[in-house]
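The values are calculated or read from the model by the stated rules, or taken from the named source; none is laboratory data. Keep in mind that this is a model prediction, so the values were computed, not measured. We place every Cβ from the backbone using ideal geometry, glycine too, and count neighbours over all the protein chains shown.
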């Protein structure tokens, strides 16, 4: 393999994992934008989505498309349920309490699934071939695998739909209004509860899509799969400027690319360290991330 | 405040508390002799977790920040102590050579252990400063994230540093093995007492008040001329120091260290103890660390459910009593005695004075 | 350090200090061409003011005129875009809030910022932080120096609290105090930092008329006892006109008038820009 094709294939890897990070990061960012909560449980919504896909495909032998839809739906519902049960009662509580609750929910999902399904990974490589078994493209000695293409295309499509949703629709306008000023939005007749739930639903649906795309690359589900993936997506969201949708996308791709580059030079064991190092450097240089807005306390 | 209430003067308060500590120490030693090694192990683990919770409480409860990398400091302390003790010529107390002076050997052994504990605390404190200075420029969520990042980096470095150094230092994923098992119930107990005492003394002083003022209102604290950055780093470093000591105790308790023990999950476990007990209450931290450590160990069948229950309890406490079970309440033996004295006639106690 | 040469209880035995005495000294605060912009919009523009060593100075103006911004500039919560502030003749350029406080500027806040979960006396003791001298080791080992310094600080704090008769509430939680008492405690806390210039941001807000009268007397008393300058923002005109020796009127970030209460009362610019407009607003509100 030529140097060029090595670089290209690493770039493709970076794009593939980067777009998954970006999708998940969007969920973190949207939720933060609207209720200023770092939703620690977001990564675990991916895990639940992956388990749902595994149940449908391996246990119930459902059609892949049906399974995927059920998995995304499960994630979406879970996100809304978590918001209603755990976060809504705390809307006026100190931010710290809300953050700790989110950590608690994350813990509960991980350990609950471990209790129910065991700590071992659920293999679904044979089931996933129905999704990933598509044609791959070759050019200049490099092959662009079907899962990679699928992941990149689906992510870009999802982000386009999301941008349209937030910028052009009435619901999107409500979301922006609530994130700007919850009280004022309520006075304008916007249902804050519905808008927040909707935001969670959209963010969780993206996590569900992220789960399927993740399974395309690594076809197995385990209780802690969401924690590292979530953590890195979360880093991506913070990196890009939490609360900012384009920021989350940029952050996701930066993290994906950085990981691919570190692996390319043969230092893959340092991958996680590098991701967090980037986070620390960015936070210190620009504490609100690349596209984040500065919020100062009024005296 | 009622002017006619009787107060116990300061020296008497200290004497009462000192007597209680000595009493507890003697009682603990008596109990340990009668207990199986299984229960003494639990006792030690309880002690270690108390130190972790009480020290995290300094940063979380008193300073009002949310660091998510406490396990990182514990790891640093543990590895510092482990590597140090392995390098030192520790006498083998079980098999002393013929004619060796047993007392001198014990003294030498304990000297190294004390040195290891101090070293662990110091190394962790240095990491506390290195991490605290940049991290504490950030607030709230961002501080939580950046400390989480630092904690993870510490773990990744401990896992992979050997390949960079070219020799065995932390022994990576296979773990730092055969650390002398020096932890005993009594030295864990002494460490718990020292930790609580030092933190208490600091908190009941101008330095402690400065730390509390940052939690209460940072802008007002600055307007009172309090150097907030300095005190934030100070509280953070204090917190890291004792986490390091706890790490050293842990190292000498299990005898083997693996980087993945000190992941994000461990930090959260400690946080749960603090939050549950009530952020800002030392007694709360002590009680919840005790209960959360001892309960799953005693009820073994419960172990599978432990983490699930932890998380449910955490969520429920946040929803129904966000300030934790004890709130910021702190127990004072003297205050309790004063209550009794004032209720049941004041003439009994000679040292009671009017204030 | 003799942080508190004069004590409050000396008050009655002292003769009243008049602002005229200030003429012999340099002013305690001079703001020269002070300006700040937020996103290109001037919030305070070319603010010039001199406050005498024992002067009580009022800063008035309609809502949004930039009064609190001036306080934020003086305490370096914001750094000015242009202009400078001299405290006691010293340029405060580059100083932080903390350094300015140590240089002698203390303040209260419009939206009360007490240490709510701490006791009343702890609030005052925190104010005295830089006047309580012992290090970490001393306190951790509980050396005699610690006890001595703590005892002295506690006594001083109780004495400061006695200005407003709050010494009996020393152990109460600050957040549990009624609104007026919280405002008074903030003043005590600010005083505890040993200021030369005390900035009070709407000290009478939320107080009833009798409380306001009492507050006026106490502000006077504080000035006379501690020989400090006091600058206050207030909407209660009876208070401002009653105790201030000098008044500056701010509108749209600019000083539109300066003078004695009598001059301000008669100044047509002030009446038009401030009082007149305010009355107009009031009528509008009533008309709806």
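Here is a check on your reading of the model: is residue C:136 within 12 Å of another protein chain (Cβ to nearest Cβ), modelled with pLDDT under 95 and surrounded by 15 or more Cβ atoms within 10 Å (Cβ to Cβ)? The answer is yes for residue C:136.
Checking B:144, B:173 one by one, the residue that is more than 30 Å from residue A:95 (Cα to Cα), in contact with a helix residue (DSSP H, G or I) (Cβ under 9 Å, 6 or more places away or on another chain) and more than 14 Å from chain C (Cβ to nearest Cβ) is B:173 and no other. Considering the conditions (1) more than 28 Å from residue B:274 (Cβ to Cβ); (2) surrounded by fewer than 21 Cβ atoms within 10 Å (Cβ to Cβ); (3) within 21 Å of the chain's Cα centre (by Cα), residue A:36 is excluded by exactly one of them, (1). Going by what's in this entry, would residue A:121 be described as more than 23 Å from residue A:80 (Cβ to Cβ) and in contact with a strand residue (DSSP E or B) (Cβ under 7 Å, 6 or more places away or on another chain)? Answer is yes for this residue.
Checked against the criterion of being part of a helix (DSSP H, G or I) and at pLDDT 75 or above, the stretch B:319-331 contains one or more residues that satisfy it.
If you take the residues of the stretch C:97-122 that are over 15 Å from the mean Cα position of the chain (by Cα) and under 20 Å from residue B:230 (Cβ atoms), which of them is nearest to the other protein chains (Cβ to nearest Cβ)? So, considering only residues that are over 15 Å from the mean Cα position of the chain (by Cα) and under 20 Å from residue B:230 (Cβ atoms), the one nearest to the other protein chains (Cβ to nearest Cβ) is C:115.
Among the residues making up the stretch A:30-54, those that are away from chain B (no Cβ under 13 Å) and within 26 Å of residue A:288 (Cβ to Cβ) are A:30, A:34, A:42, A:45, A:46.
Of the residues contained in the stretch B:310-318, none is found to be away from chain A (no Cβ under 14 Å) and in contact with a helix residue (DSSP H, G or I) (Cβ under 9 Å, 6 or more places away or on another chain). Assess whether residue A:80 counts as being surrounded by fewer than 22 Cβ atoms within 10 Å (Cβ to Cβ) and at pLDDT 90 or above. Yes. What do you reckon, is residue C:117 in a loop (DSSP other than H, G, I, E, B) and either in contact with a helix residue (DSSP H, G or I) (Cβ under 9 Å, 6 or more places away or on another chain) or surrounded by fewer than 23 Cβ atoms within 10 Å (Cβ to Cβ) (or both)? For residue C:117, the condition - in a loop (DSSP other than H, G, I, E, B) and either in contact with a helix residue (DSSP H, G or I) (Cβ under 9 Å, 6 or more places away or on another chain) or surrounded by fewer than 23 Cβ atoms within 10 Å (Cβ to Cβ) (or both) - is met. Considering only the stretch C:168-219, how many residues are free of Cβ contacts under 8 Å to residues at least 12 places away in the same chain and assigned to a helix (DSSP H, G or I)? Matching residues across the stretch C:168-219 total 7.
Answer with yes or no whether residue C:94 is away from every other protein chain (no Cβ under 13 Å), at positive phi and assigned to a strand (DSSP E or B). Taking the combined requirement at face value, the residue does not satisfy it. One residue is enough: does the stretch C:218-235 have a residue meeting the conditions on the phi < 0 side of the Ramachandran plot, within 14 Å of chain B (Cβ to nearest Cβ) and either in contact with a strand residue (DSSP E or B) (Cβ under 8 Å, 6 or more places away or on another chain) or buried (at least 21 other Cβ atoms within 10 Å of the Cβ) (or both)? No, the stretch C:218-235 has no match at all.
A quick yes/no check of all residues on (1) within 28 Å of residue B:60 (Cα to Cα); (2) out of contact with any helix residue (DSSP H, G or I) (no Cβ under 9 Å at 6 or more places or on another chain); (3) in a loop (DSSP other than H, G, I, E, B); (4) within 14 Å of chain B (Cβ to nearest Cβ):
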{"position": "A:110", "(1), (2), (3), (4)": "yes, no, no, yes"}
{"position": "A:120", "(1), (2), (3), (4)": "no, yes, yes, no"}
{"position": "A:129", "(1), (2), (3), (4)": "no, yes, no, no"}
{"position": "A:147", "(1), (2), (3), (4)": "no, no, no, no"}
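Residues that are touching a residue at least 24 places away in the same chain (Cβ under 8 Å) and outside any helix (DSSP H, G or I) within the stretch A:203-228 comprise A:219, A:220, A:221, A:222, A:223, A:224, listed in sequence order. Considering B:221, B:251, the condition of being touching a strand residue (DSSP E or B) at 6+ places or on another chain (Cβ under 8 Å) and in a helix (DSSP H, G or I) is satisfied by B:251 alone.
Residues that are over 18 Å from residue A:154 (Cα atoms) and assigned to a helix (DSSP H, G or I) were ranked within the stretch A:234-250; the one that is nearest to the other protein chains (Cβ to nearest Cβ) is A:238.
The condition of being surrounded by fewer than 18 Cβ atoms within 10 Å (Cβ to Cβ) and in a helix (DSSP H, G or I) holds for only one of B:96, B:122, B:85, that being B:122.
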